[in-house]
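Undergrad: Can you keep this structure in mind? I'll have questions shortly.
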Amino acid sequence: MMRFACGPASSVVRWLLGGVALVALLASGGCDTAGRTTDAPAPSVLFSSQPLKADSVTLSQIDAGQYAKLAAGTTAVLRTQEAYEALWVDLHADRRTVPDPPSVDFRAQMVVAVVLGERPTGGYRVSVEEVRARTDAAQLRVAYTESRPGEGCAVVQVRTAPYVLVAVDRTGDLSVLEDEDVSFVRTVETRPC
(Lines give C-alpha, C1' and ligand atoms only; values in the text may rest on other atoms or scores of the structure.)
Protein backbone atom coordinates (compact mmCIF):
# COMPACT_ATOMS: atom_id res chain seq x y z
CA MET A 1 0.00 0.00 0.00
CA MET A 2 1.33 3.40 -0.95
CA ARG A 3 1.07 6.27 1.52
CA PHE A 4 1.52 9.97 0.96
CA ALA A 5 2.74 12.18 3.67
CA CYS A 6 1.41 15.67 4.16
CA GLY A 7 3.50 18.41 2.70
CA PRO A 8 4.72 19.62 -0.69
CA ALA A 9 4.83 16.15 -2.31
CA SER A 10 1.16 15.38 -1.51
CA SER A 11 -0.03 18.73 -2.92
CA VAL A 12 1.82 17.98 -6.17
CA VAL A 13 0.08 14.60 -6.41
CA ARG A 14 -3.34 16.19 -5.76
CA TRP A 15 -2.60 18.85 -8.38
CA LEU A 16 -1.57 16.19 -10.93
CA LEU A 17 -4.70 14.09 -10.24
CA GLY A 18 -6.89 17.18 -10.65
CA GLY A 19 -5.17 17.96 -13.97
CA VAL A 20 -5.71 14.40 -15.22
CA ALA A 21 -9.43 14.63 -14.31
CA LEU A 22 -9.74 17.94 -16.16
CA VAL A 23 -8.05 16.54 -19.27
CA ALA A 24 -10.37 13.50 -19.18
CA LEU A 25 -13.43 15.77 -18.96
CA LEU A 26 -12.30 17.90 -21.90
CA ALA A 27 -11.39 14.85 -23.99
CA SER A 28 -14.86 13.38 -23.47
CA GLY A 29 -16.58 16.44 -24.90
CA GLY A 30 -17.04 18.49 -21.76
CA CYS A 31 -20.21 20.48 -21.33
CA ASP A 32 -20.79 21.80 -24.83
CA THR A 33 -24.60 21.90 -24.57
CA ALA A 34 -25.02 24.68 -22.03
CA GLY A 35 -28.32 26.45 -22.58
CA ARG A 36 -29.54 23.85 -25.09
CA THR A 37 -31.80 20.85 -24.66
CA THR A 38 -32.92 18.33 -27.20
CA ASP A 39 -35.78 15.88 -27.52
CA ALA A 40 -33.53 13.41 -29.32
CA PRO A 41 -33.20 10.10 -27.49
CA ALA A 42 -29.86 9.26 -25.95
CA PRO A 43 -27.80 7.02 -28.22
CA SER A 44 -27.85 3.39 -27.16
CA VAL A 45 -24.80 2.49 -29.26
CA LEU A 46 -21.83 4.80 -29.36
CA PHE A 47 -20.17 3.27 -32.41
CA SER A 48 -21.66 1.44 -35.34
CA SER A 49 -19.82 -0.97 -37.58
CA GLN A 50 -22.10 -0.04 -40.49
CA PRO A 51 -22.17 3.65 -41.43
CA LEU A 52 -25.60 5.12 -42.06
CA LYS A 53 -26.06 6.54 -45.52
CA ALA A 54 -27.70 9.92 -45.01
CA ASP A 55 -27.62 13.04 -47.12
CA SER A 56 -28.76 16.57 -46.43
CA VAL A 57 -31.77 17.46 -48.52
CA THR A 58 -32.01 20.78 -50.33
CA LEU A 59 -34.52 23.04 -48.64
CA SER A 60 -35.74 26.59 -48.98
CA GLN A 61 -37.87 28.61 -46.58
CA ILE A 62 -41.32 29.44 -47.91
CA ASP A 63 -42.79 31.35 -44.98
CA ALA A 64 -42.25 32.06 -41.30
CA GLY A 65 -44.28 34.07 -38.82
CA GLN A 66 -45.36 34.66 -35.24
CA TYR A 67 -49.14 34.48 -35.30
CA ALA A 68 -50.33 31.10 -36.60
CA LYS A 69 -53.90 30.24 -35.72
CA LEU A 70 -52.94 26.76 -34.49
CA ALA A 71 -52.80 26.98 -30.69
CA ALA A 72 -51.85 23.32 -30.21
CA GLY A 73 -48.94 23.35 -32.66
CA THR A 74 -48.03 20.67 -35.17
CA THR A 75 -45.29 19.17 -37.29
CA ALA A 76 -46.12 17.82 -40.71
CA VAL A 77 -44.88 16.89 -44.15
CA LEU A 78 -47.31 18.11 -46.81
CA ARG A 79 -47.23 16.15 -50.06
CA THR A 80 -50.16 17.68 -51.95
CA GLN A 81 -51.32 21.13 -52.99
CA GLU A 82 -54.62 20.57 -51.15
CA ALA A 83 -52.93 19.80 -47.81
CA TYR A 84 -50.58 22.78 -48.29
CA GLU A 85 -53.43 25.20 -49.03
CA ALA A 86 -55.48 23.93 -46.06
CA LEU A 87 -52.57 24.50 -43.65
CA TRP A 88 -51.86 27.89 -45.26
CA VAL A 89 -55.43 29.02 -44.55
CA ASP A 90 -55.14 27.82 -40.92
CA LEU A 91 -51.84 29.66 -40.47
CA HIS A 92 -53.23 32.94 -41.81
CA ALA A 93 -56.80 32.74 -40.43
CA ASP A 94 -56.28 35.88 -38.33
CA ARG A 95 -56.22 38.09 -41.45
CA ARG A 96 -59.22 39.53 -43.23
CA THR A 97 -57.90 38.26 -46.53
CA VAL A 98 -55.70 35.18 -46.63
CA PRO A 99 -52.78 35.78 -49.02
CA ASP A 100 -52.11 33.30 -51.79
CA PRO A 101 -49.52 30.70 -50.78
CA PRO A 102 -46.15 30.73 -52.56
CA SER A 103 -46.00 28.29 -55.45
CA VAL A 104 -44.64 24.79 -54.78
CA ASP A 105 -44.16 22.10 -57.44
CA PHE A 106 -45.35 19.00 -55.57
CA ARG A 107 -44.01 16.70 -58.28
CA ALA A 108 -40.47 17.77 -57.30
CA GLN A 109 -40.92 19.04 -53.73
CA MET A 110 -42.86 18.61 -50.51
CA VAL A 111 -43.40 21.06 -47.67
CA VAL A 112 -42.19 20.59 -44.09
CA ALA A 113 -44.21 22.56 -41.54
CA VAL A 114 -43.29 23.25 -37.91
CA VAL A 115 -45.81 25.20 -35.82
CA LEU A 116 -44.76 25.65 -32.19
CA GLY A 117 -48.22 26.35 -30.92
CA GLU A 118 -49.24 29.09 -28.51
CA ARG A 119 -46.51 30.83 -26.50
CA PRO A 120 -47.19 33.33 -23.69
CA THR A 121 -45.28 36.30 -25.18
CA GLY A 122 -43.30 37.43 -28.17
CA GLY A 123 -39.63 36.59 -28.52
CA TYR A 124 -40.12 32.96 -29.58
CA ARG A 125 -38.93 31.73 -32.99
CA VAL A 126 -38.64 28.45 -34.83
CA SER A 127 -36.26 27.49 -37.62
CA VAL A 128 -35.56 24.29 -39.54
CA GLU A 129 -31.84 23.65 -39.21
CA GLU A 130 -31.47 20.57 -41.36
CA VAL A 131 -33.39 17.90 -43.21
CA ARG A 132 -31.57 14.61 -43.69
CA ALA A 133 -32.72 11.68 -45.78
CA ARG A 134 -31.54 8.10 -45.42
CA THR A 135 -30.49 7.10 -48.91
CA ASP A 136 -30.77 3.37 -48.18
CA ALA A 137 -34.38 3.68 -46.94
CA ALA A 138 -37.27 6.08 -47.27
CA GLN A 139 -36.69 7.99 -44.02
CA LEU A 140 -36.54 11.70 -43.30
CA ARG A 141 -35.18 13.45 -40.19
CA VAL A 142 -36.11 17.10 -39.63
CA ALA A 143 -34.00 19.00 -37.08
CA TYR A 144 -35.53 22.25 -35.88
CA THR A 145 -34.73 24.79 -33.17
CA GLU A 146 -37.11 26.63 -30.90
CA SER A 147 -35.52 29.89 -29.71
CA ARG A 148 -36.84 31.33 -26.45
CA PRO A 149 -36.24 34.77 -24.95
CA GLY A 150 -33.89 34.84 -21.99
CA GLU A 151 -34.90 35.74 -18.46
CA GLY A 152 -35.68 39.45 -18.16
CA CYS A 153 -35.75 40.14 -21.92
CA ALA A 154 -38.14 42.87 -23.07
CA VAL A 155 -40.75 41.13 -25.23
CA VAL A 156 -44.18 42.05 -26.54
CA GLN A 157 -46.89 40.94 -24.09
CA VAL A 158 -49.14 39.12 -26.52
CA ARG A 159 -49.67 35.43 -27.18
CA THR A 160 -47.83 34.18 -30.26
CA ALA A 161 -47.63 30.92 -32.24
CA PRO A 162 -44.39 30.87 -34.26
CA TYR A 163 -44.20 28.74 -37.39
CA VAL A 164 -41.97 27.98 -40.36
CA LEU A 165 -42.61 26.30 -43.71
CA VAL A 166 -39.80 24.95 -45.90
CA ALA A 167 -39.87 23.31 -49.31
CA VAL A 168 -37.83 20.11 -49.51
CA ASP A 169 -36.68 18.43 -52.72
CA ARG A 170 -38.13 14.97 -53.30
CA THR A 171 -35.20 12.74 -54.14
CA GLY A 172 -35.07 8.98 -54.64
CA ASP A 173 -37.20 7.08 -52.13
CA LEU A 174 -38.61 10.27 -50.59
CA SER A 175 -41.39 10.32 -53.18
CA VAL A 176 -43.02 7.34 -51.40
CA LEU A 177 -42.44 8.64 -47.87
CA GLU A 178 -45.09 7.79 -45.26
CA ASP A 179 -45.78 9.73 -42.03
CA GLU A 180 -44.18 7.04 -39.86
CA ASP A 181 -40.94 7.44 -41.87
CA VAL A 182 -40.52 11.07 -40.76
CA SER A 183 -38.99 12.09 -37.43
CA PHE A 184 -38.83 15.60 -36.01
CA VAL A 185 -36.05 16.43 -33.54
CA ARG A 186 -36.47 19.62 -31.52
CA THR A 187 -33.65 21.58 -29.94
CA VAL A 188 -34.48 24.40 -27.53
CA GLU A 189 -32.16 27.33 -27.02
CA THR A 190 -32.54 30.37 -24.80
CA ARG A 191 -31.28 33.60 -26.30
CA PRO A 192 -29.66 36.16 -24.04
CA CYS A 193 -31.12 39.67 -24.02
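Undergrad: What accessible area per residue comes out for the range 93-175, rounded to a whole number of Å², with a 1.4 Å probe?
TA: Value for the range 93-175: 50 Å² per residue.
Undergrad: Answer rounded, prolate or oblate for the range 56-193, using the Cα gyration tensor with square roots of eigenvalues a ≥ b ≥ c: rounded when a/c is under 1.5, else prolate when a/b is larger than b/c, else oblate.
TA: Taking the square roots of the gyration eigenvalues as a ≥ b ≥ c, the range 56-193 is oblate.
Undergrad: Let me ask something else about it. So which trypsin sites (Lys or Arg not before Pro) in the range 103-148 pass both tests, a DSSP loop state and at most 16 other Cβ atoms within 10 Å of the Cβ?
TA: The qualifying sites are Arg107.
The values are calculated or read from the model by the stated rules, or taken from the named source; none is laboratory data. Keep in mind it's a predicted model, so treat the numbers as computed, not measured. Every residue, glycine among them, receives a Cβ derived from its backbone with ideal geometry; neighbour counts consider all protein chains shown. SASA here: full protein model, heavy atoms, side chains in, ligands and nucleic acids out. Shrake-Rupley method; radii C 1.70, N 1.55, O 1.52, S 1.80 Å.
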